[in-house]
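Structure, as structure tokens:
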Amino acid sequence: MQLQDTVTYINEKTNNFTPEIALILGSGLGDFADDFSDFVIPYGDIPGFEASTVKGHKGQLVFATICGKKVVMMQGRYHYYEGHPIQRVVYPVKVFKKLGVKNLIVTNAAGGISRDFQASDLMLITDHINFMHVNPLIGPNDDDLGPRFPDMTDVYKKDLQELAMAAAKKLNINLKKGVYMALTGPNYETPSETKMVKLLGADAVGMSTVPEAMVANYCGIKVLGISCISNAAAGITGETLSHQEVIEAANAAKSKFKSLLLEIIKGM
Ligand code: HPA
């Protein structure tokens with residue numbers, strides 16, 4: 001019922017824009033949406049949404065036609081570490097499904113585990129590990145959205161991965177690949193936790209993305225994930241970490257991130 005209220009409100013505000021692509025812009029990456037503004041709705045105005053609190057996140061939906069494709073962008077997302085219930089974190093994805101979205105591009109800033117990764121590298125997410133100890137699919141199932149026991153073999157769709165790799169090649173961007181693991185945050189890892197993350201098979205670690213990707217996959221939305229490696233995870237270099245460093249690395253990656261996203265959207 002509430003989902004329908006949200007969808008009705010958005011459709012009224014956007015003259016039934018009907019986006020086909022959704023883009024979730026992570027820490028320091030939100031500027032991408034600044035160049036586009038057919039319709040802008042602050043989260044605080046949307047029934048079922050709440051104003052976002054993280055520095056570097058604006059907290060609004062931006063609707064625009066980009067490279068001929070109708071796109072809805074989240075300038076800032078809800079994080080579990082902010083104290084939001086996990087259902088709020090994934091609520092926008094359910095709304096996107098109802099708005100008609102077919103493809104979701106989800107982005108984040110992440111700590112690099114692999115020694116191959118350097119600050120400002122971009123990593124294509126090939127799979128994820130949910131280590132948040134919470135699952136957004138728990139609860140009564142809405143059969144209109146997806147199945148009770150969804151398959152997660154292929155969350156990050158192969159054809160979209162190929163599209164992203166081809167786009168990166170065309171632009172001469174060295175797009176790395178790897179597995180993303182989500183912890184709750186808000187603290188960065190201890191060096192021992194970094195070792196654990198590595199042992200468990202992840203190449204990058206962060207505090208987001210997995211809940212949204214799980215729900216998108218559950219609803220039948222195809223997912224493409226890109227991490228901006230903002231730092232070596234704690235303990236790898238011995239340096240301490242700060243949010244400022246994360247924002248600066250995202251800033252440094254901004255122009256290649258933007259051109260890559262545009263090329264991917266063009267090909268979708
Ligand atoms: N760990 C977890 N989340 C992050 C990191 C990190 O090192 N960098 C950016 N987000």
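The values are calculated or read from the model by the stated rules, or taken from the named source; none is laboratory data. The structure presented is a predicted model; accordingly, all values stated were derived computationally and were not measured. When we count neighbours, we look across all protein chains shown, and the Cβ atoms used for this are built from the backbone with ideal geometry, even at glycine.
Worth pointing out:
- Residues that are of a type in the set (G, A, S) and farther than 17 Å from L261 by Cβ within segment 102-157 comprise G111, G112, S114, A119, G139, G146, listed in sequence order.
- Residue within segment 28-38 that is within 16 Å of the ligand (Cβ to nearest atom), not acidic (D, E) and not in a helix (DSSP H, G or I) present: yes
- Subset of segment 98-137 that is among the basic types (K, R) and away from the ligand (no atom under 16 Å from the Cβ) - its residue that is nearest to G28 (Cα to Cα): K102
- Within segment 106-126, tally of residues that are surrounded by fewer than 23 Cβ atoms within 10 Å (Cβ to Cβ) and either within 13 Å of the chain's Cα centre (by Cα) or of a type outside the set (D, E, K, R) (or both): 7
- Take the conditions (1) within 11 Å of the ligand (Cβ to nearest atom); (2) part of a strand (DSSP E or B); G178 misses just one of them, which is (1).
- Condition met for L183 (modelled with pLDDT of 95 or more, within 16 Å of the ligand (Cβ to nearest atom) and surrounded by fewer than 15 Cβ atoms within 10 Å (Cβ to Cβ)): no
- Residue count, segment 1-14 (criterion: modelled with pLDDT of 95 or more and assigned to a loop (DSSP other than H, G, I, E, B)): 1
- All told, F63 falls short of being in a helix (DSSP H, G or I) and hydrophobic (A, V, I, L, M, F, W, C).
- Summed over segment 69-105, the residues that are in contact with a strand residue (DSSP E or B) (Cβ under 8 Å, 6 or more places away or on another chain) and outside any helix (DSSP H, G or I) give a count of 14.
- Which listed residue is more than 15 Å from the ligand (Cβ to nearest atom) and aliphatic (A, V, I, L, M), from V246, V223: V223
- When G111 is tested against (1) in a loop (DSSP other than H, G, I, E, B); (2) out of contact with any Cys (no Cβ under 9 Å at 6 or more places or on another chain), just one condition goes unmet, and that condition is (1).
- Of all residues in segment 187-235, those being part of a helix (DSSP H, G or I) and touching a residue at least 60 places away in the same chain (Cβ under 8 Å) number 13.
- Pair list, Cβ under 6 Å, 6 or more apart: segment 100-122 residue under 17 Å from K198 (Cβ atoms) and among the hydrophobic types (A, V, I, L, M, F, W, C), other residue within 12 Å of the ligand (Cβ to nearest atom) and assigned to a loop (DSSP other than H, G, I, E, B): I113/A202; I113/A233
- Positions within segment 127-157 being crowded, with 20+ Cβ neighbours inside 10 Å, out of contact with any Pro (no Cβ under 9 Å at 6 or more places or on another chain) and in a loop (DSSP other than H, G, I, E, B), in sequence order: V155
- Verdict on V106 being among the aliphatic types (A, V, I, L, M), in contact with a Gly (Cβ under 6 Å, 6 or more places away or on another chain) and modelled with pLDDT of 95 or more: yes
Yes/no per residue for (1) surrounded by fewer than 16 Cβ atoms within 10 Å (Cβ to Cβ); (2) more than 10 Å from the ligand (Cβ to nearest atom):
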site	(1), (2)
A167	no, yes
L200	yes, yes
E212	no, yes
N231	no, no
